[in-house]
Amino acid sequence: MHGLFGNGRRRHLRPGLSTPLRVRLLGTAAGGGFPQWNCNCALCRQSRQGKEGVRARTQSAAAVSADGRAWFLLNLSPDVRHQIEAFEPLRPPPDSVRGTPIEGALLTNADLDHVLGIFILREGGVLHLHAPPAVRQALDQGLRISEVLKAYGGVAWHEPPPSLEPLLKSDGTESGLLYQAFEVPGKLPRYAGSRALPGSAVGYLLMDENTKGKLAFLPDVADLPLKVLENLADCQALLLDGTFWDEDEMPKTGTGRLTASEMAHLPLGGPEGSLEILRQLPVPRKIYLHINNTNPILDASSPEYRKVREAGVEVGMDGMEFEL
């Protein structure tokens, strides 16, 4: 069987290839997507009208592979079915009636826009989910993930390691990737009490065993303290939380009452924003994703977009691919 079906056995399998770590941005918008279904803010309106440089986006997720055959998803967006169909390597194998090259998913937190895709993948057999204990507990208590999926293929939970270890495929063999999780400032979602618990949000490092290409994935961070930045020192690429430009962006646009800090997101703009930090960070490729529909960087003609590009940072787009 392929992908999500596992037999629990571990065997060493890593051919002597030098294929690079392949990365695909499946979605780059924050919760609700862009344009958001119930939003008529200026940017959502411009996107619906087809304004050049204001392109629609699905909700944030990525996919990684060391060989182009076995894939791991980074978060499980509610848009995961459309994201799979938009990327041929994630579709069922052409010589099988049923199957998937998706070996599992790494969850950074329990936010709905990062986990609702779990229910979409319920038909695929045992779903291998990598998540810290606080995230697993929130999902099982708040959304009854394990209980609900028990009636389908079931869930195999994996606690991600604190230092680089092999990321195993669903049959227990090695994928050619190493991975680790590290805590980042954040909190549990509203349905889980909005509490800041140890491990309620994590970032991931993924490294190709052969090429040593290393990716950092941090789509949800409330701050970037030194202990987090130290994990990024030797990365070749960083995918970072780009939710808001301003601290009070939602109140200013009339789209909500909560500030960026109250939603556990570090804004891009200002002297203490993430863009100033990224400007000085010696990572060759830095890309924003998880971009809210109110963030002006969604408009490629905006001053904010130009500031991001002038700082040597990219604004992620659905379908963007690169290798490390």
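The residue of segment 91-107 that is nearest to the chain's Cα centre (by Cα), among those that are without any contact (Cβ under 8 Å) to a residue 60 or more places away in the chain and closer than 30 Å to L188 by Cα, is L107. Might you check whether a residue that is at pLDDT 95 or above, surrounded by fewer than 21 Cβ atoms within 10 Å (Cβ to Cβ) and of a type in the set (K, R) occurs anywhere in segment 95-110? No, segment 95-110 contains no residue that is at pLDDT 95 or above, surrounded by fewer than 21 Cβ atoms within 10 Å (Cβ to Cβ) and of a type in the set (K, R).
Give me the helices (runs of 4 or more DSSP H) completely within segment 117-188, filtered to those with at least 3 residues that are under 30 Å from L229 (Cβ atoms), ordered by residue number. Walk me through how you get there before you give the answer.
Details: elements: 117-120, 133-142, 145-150.
Here the list reads 133-142.
Close Cβ contacts (under 7 Å, 6 or more residues apart or on different chains) running from residues in segment 273-290 that are farther than 15 Å from L224 by Cα and touching a residue at least 24 places away in the same chain (Cβ under 8 Å) to residues that are assigned to a loop (DSSP other than H, G, I, E, B) and of a type in the set (S, T, Y) comprise L289/T28; L289/S60; H290/S60; H290/T243. Taking the criterion of being in a strand (DSSP E or B) and either charged (D, E, K, R) or closer than 18 Å to T243 by Cα (or both), the residues of segment 46-63 that qualify are R57, Q59, A61, A62.
The C-beta contact set for segment 235-249 (first residue in a loop (DSSP other than H, G, I, E, B), second residue at pLDDT 95 or above and basic (K, R), distance under 6 angstrom, 6+ apart or interchain) comprises C235/K214; Q236/K214. Among the residues of segment 276-307, the ones that are crowded, with 24+ Cβ neighbours inside 10 Å and assigned to a helix (DSSP H, G or I) come to 2 in all. The single residue among L240, L178, L167 that is surrounded by fewer than 22 Cβ atoms within 10 Å (Cβ to Cβ) and closer than 25 Å to V283 by Cβ turns out to be L178.
Taking segment 146-164 as the range and being in contact with a Phe, Trp or Tyr (Cβ under 9 Å, 6 or more places away or on another chain) and loosely packed, with under 14 Cβ neighbours inside 10 Å as the test, only P162 passes.
Out of I287, I297, I291, I277, one residue alone is under 30 Å from N210 (Cβ atoms) and β-branched (V, I, T). It is I287. Give segment 1-45 a look and list any residue that's at pLDDT 95 or above, touching a Leu at 6+ places or on another chain (Cβ under 6 Å) and either more than 30 Å from G242 (Cα to Cα) or part of a helix (DSSP H, G or I) (or both), or say none. Residue satisfying the conditions is L43 alone.
Could you tell me whether G68 is among the small types (G, A, S), under 20 Å from S170 (Cα atoms) and surrounded by fewer than 20 Cβ atoms within 10 Å (Cβ to Cβ)?
yes
Filtering segment 121-151 to residues that are among the β-branched types (V, I, T) and within 26 Å of T173 (Cβ to Cβ) leaves V126, V135, I145.
Within segment 205-245, which residues are small (G, A, S) and touching a Phe, Trp or Tyr at 6+ places or on another chain (Cβ under 8 Å)? Working first, answer last.
Residues of segment 205-245 small (G, A, S): 213, 216, 222, 233, 237, 242.
Matches in segment 205-245: A216, A237, G242.
Of all residues in segment 108-130, those that are basic (K, R) have Cβ atoms under 7 Å from Cβ atoms of residues that are in a helix (DSSP H, G or I), 6 or more apart or on another chain, in R122/L149. Total residues in segment 190-209 satisfying the condition of being assigned to a loop (DSSP other than H, G, I, E, B), over 16 Å from the mean Cα position of the chain (by Cα) and at pLDDT 95 or above: the figure is 1.
The values are calculated or read from the model by the stated rules, or taken from the named source; none is laboratory data. Since this is a predicted model, take the numbers as computed values, not measurements. Glycine gets a Cβ as well: all are built from the backbone with ideal geometry, and neighbour counts include every protein chain shown.
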